[in-house]
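Undergrad: One structure is given below, represented as structure tokens, and several questions about it will come after.
Every number in this text was worked out from the coordinates using simple rules, so none of it is lab data. A quick note: this is a predicted structure, and the numbers were derived from the prediction, not measured. Ideal geometry is used to build each Cβ from the backbone, glycine not excepted, and the neighbour counts take in all protein chains shown.
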């Protein structure tokens, strides 16, 4: 296998694999290494939120993801030991009817082992294979390259990205310390074979003030398995995780009966919550993705969003199309988002590990914001909004402000279905987007604008209001049901130009065509 590539990615979890696929689609060669000696086993990091599904639509892999994911069941909460039946049922992520402004609105379960397997298959189509049992030993960053020592081999790359989790070797060698704290409560987590429990159920016994067990059933290759999390003030999680016998003994102790039979132990480990931050996610030619969010189903999803934010910028800079300082916006955009997610995660942990039993039974439900559809970069220095400019004293919530009912520069691009082209074909805005180009939407009746930017970097579509006739332009559509004009908050007869970035966020909201270069001056070198 060739040692050298444009980018070395350290870590083959969802963040590293997604980044590899994003870069490969942008024509950037990748080498990805993983210090572990086997494929990931287990469900950990299983919740996939709708914003991640929207991003996977743009990446082109959503149909394959949807074949493999399953719905999120409601929780049935029992006492410990179990009494006559559940004392409460909680919709942790209640199912919602689809809404046209979102490409997807519901959260699902998509086990990390399945997730990583799908992404490995996708990068393999580009001839890129994960190198297991291959740790990064050290690296040295230079002005134009990075030299890495990998299992005794020395190789040179243009860029290095650490996707190696909270204990990141890359982070430590960069000298970026964590600020924050480790939370004392720990959980034993893993997968075990189960019998006597129907598929797609989620049970919780007890509470963390004493003993608590969460058990969600699922099927893999015809086998009935359960993903468990157990802990509490009276549970020795380290001892429980030492062996299958210890684990099963603890499971039955918490449940209080043996109606469920436990078989082979598939995976087990001890997890401890950390609420810690670093001040920046990169330095020079070295960057970090993922490994920052402890709970609430946020970690994997936030990590994948890190990769989407970084990939398009890194690709443009590597190709010489964008100035190197564009990469500074990776940290300035993502650090506030992760900080806001950590604040929310801290509150979720406080409730989940509450010592007050009276509030414990309702501590598992999650608000709409956890679906990450409100994540935004309104405060970014590379975002342009001429329609509703951000004032200097405005400090938009980077995690929730995108849900305030306004469409602003830096928000996720709203979806809009039922756009009809001259051939009668039906499109949606998310059909126009991809991870290699900026997409310009012209809400401009009669516009004759033809973009002067290379088509492999920028493409455009004209969106005409309801009732319009098309003149045959293959990149023109009619907004048959009015969703595009409604969701992008454009009145008929107004001129509006929306520039959507390759990561699915609005880079610019403009009022005239002549102002398009005003946004791209931040992005392109010339």
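Undergrad: Using all C-alpha to C-alpha distances in segment 1-74, build P(r) with 5 Å bins and read off the rounded percent in each one.
TA: Binned Cα distances yield the sequence 3, 12, 20, 22, 19, 14, 7, 2, 1, 0.
Undergrad: So if the hydrodynamic radius of segment 481-526 is defined as the Kirkwood radius over C-alpha pairs, what does Stokes-Einstein give as its diffusion coefficient at 25 °C and 0.890 mPa s, in µm² per second? Could the numbers behind the result be given before it?
TA: On the way: Rh = 11.8 Å.
Here the translational diffusion coefficient equals 208 µm²/s.
Undergrad: Measuring from centroid to centroid over Cα atoms, what is the spacing of segment 93-121 and segment 143-216 in Å?
TA: Between the Cα centre of segment 93-121 and that of segment 143-216, the gap is 20 Å.
Undergrad: Using the number of other C-beta atoms within 10 angstrom as an exposure proxy, rank 30, 161, 458 with the fewest first. Can you show the working numbers first?
TA: On the way: 30 23, 161 33, 458 18.
Starting with the residue having the fewest Cβ neighbours, the order is 458, 30, 161.
Undergrad: Would you calculate a helix-derived [θ] at 222 nm for the chain, using -39,500 (n - 2.57) for each DSSP H run of n ≥ 4 and dividing by the full residue count, to the nearest 500? Don't jump to the answer; show the numbers that get you there.
TA: Values: 13 runs with 130 residues, N = 526.
Calculated mean residue ellipticity at 222 nm is -7500 deg cm²/dmol.
Undergrad: Output the peptides 95-102, 113-120 sorted from most to least packed, where packing is the average of other Cβ atoms within 10 Å over each peptide's residues.
TA: Taking the mean over residues of other Cβ atoms within 10 Å, the ranking is 113-120, 95-102.
Undergrad: Would you calculate the convex hull of the Cα atoms in the chain and tell me its volume per residue in Å³?
TA: Values: hull volume 82.9 nm³, N = 526.
Roughly 158 Å³ of hull volume per residue.
Undergrad: Still on this structure, please answer the following. Among 385, 343, which comes first, second and so on when ranked by fewest other beta-carbon atoms within 10 Å? Write out the running numbers ahead of the final one.
TA: Details: 385 19, 343 12.
The order, fewest Cβ neighbours first, is 343, 385.
Undergrad: According to the Kirkwood expression over distinct Cα-Cα pairs, how big is the hydrodynamic radius of segment 373-487, in Å? Each step should come with its number before you reach the end.
TA: Numbers: mean 1/r = 0.0643 Å⁻¹.
15.5 Å is the Kirkwood radius here.
Undergrad: What do you get for the angle between helix 112-124 and the principal long axis of the chain? Use alpha-carbon atoms, 0 to 90 degrees, nearest ten.
TA: Approximately 40 degrees, to the nearest ten.
Undergrad: Enter the mean projected area of the convex hull around the alpha-carbon atoms of segment 181-275, in nm², rounded to one decimal. Write down the numbers at each step before the final one.
TA: Details: hull surface 24.2 nm².
The number I arrive at for segment 181-275 is 6.1 nm².
Undergrad: Now for a different question. Among 4-16, 477-489, 417-429, how do they line up by average Cβ neighbours within 10 Å per residue, starting with the highest?
TA: 4-16, 477-489, 417-429
Undergrad: If you don't mind, there's one more thing I want to ask. For 214, 29, what's the fewest-to-most ordering of other Cβ within 10 Å of each Cβ? The partial results should precede the final answer.
TA: On the way: 214 21, 29 17.
So the residues, fewest neighbours to most, are 29, 214.
Undergrad: Oh, and also: Nearest 10 degrees, 0 to 90: what angle lies between the long axis of helix 328-352 and the longest principal axis of the chain (Cα atoms)?
TA: Approximately 30 degrees, to the nearest ten.
Undergrad: While we're here: To the nearest 10 degrees, how steeply does helix 244-255 sit against the main Cα axis of the chain, on a 0 to 90 scale?
TA: 90 degrees
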